[in-house]
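All remarks here apply to the structure that follows.
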Amino acid sequence: MMDDRRSVRISKYLAEHLRHEPGRIGIELDPNGWVGVETLLSAAAAHGFPISREELERVVADNDKRRYVIEGGRIRASQGHSVRVDLGLPVVPPPAVLYHGTVGRNLAAIRAEGLRPMNRHHVHLSPDRETATRVGARRGRAAVLVVDAAAMHRAGHEFQVSDNGVWLVGHVPPEFVRFPG
């Protein structure tokens, strides 16, 4: 049986190598972000972090945020890449509002520049306030922003939704953001 600490370590390892630095352990993601499960497991073992197939499958299945997908002997991260991948997600109309969790120290920059993807390819938006609160709370006291996604869509911004329900958009200009308080 795998303990929670081991599960968290594996999840973080996967995030690092499936989203940001695949080359660091000698794997190459295909254009859509996939790599063979056996390729990943062999590379992890060769770089001092052995993961069993059972552990990998459990981390993917038990992850409450559904960060990873295993399909047909391949695995990929659902979103959040800093390396160039095309997840093949269709452009879809968003709900009227979406949410973004952050912390207070970021609010001045967001007021000036809007929400930017930073080192990722998309801004991540949550479908509900509760999820955005959890996201923001990872870095301190959460500040939840409300995004007028319907108005952005009418203005021509394109939205996608990842396999795990995270909404993705290239940039959120400040005029579409409502701030707390």
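Per-structure values
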| item | result |
| --- | --- |
| In degrees, nearest ten, helix 37-46 long axis to first principal axis of the chain (Cα) | 70 |
| Size-normalised alpha-carbon gyration radius of region 1-99, reference 2.2 N^0.38 Å | 1.12 |
| Relative contact order (percent, whole number), region 98-178, Cα cutoff 8 Å, 6+ residue spacing | 42 |
| Percentage relative contact order, the chain, counting C-alpha pairs under 8 Å, at least six apart | 21 |
| Among 174-181, 24-31, 148-155, the order from most to least packed when residues are scored by Cβ within 10 Å on average | 148-155, 24-31, 174-181 |
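Throughout, read-outs are computed from the coordinates displayed, never taken from laboratory work. Note that this is a predicted model, so its numbers are computed, not measured. Positions of Cβ are backbone-derived with ideal geometry, glycine not excepted, and every protein chain shown enters the neighbour counts.
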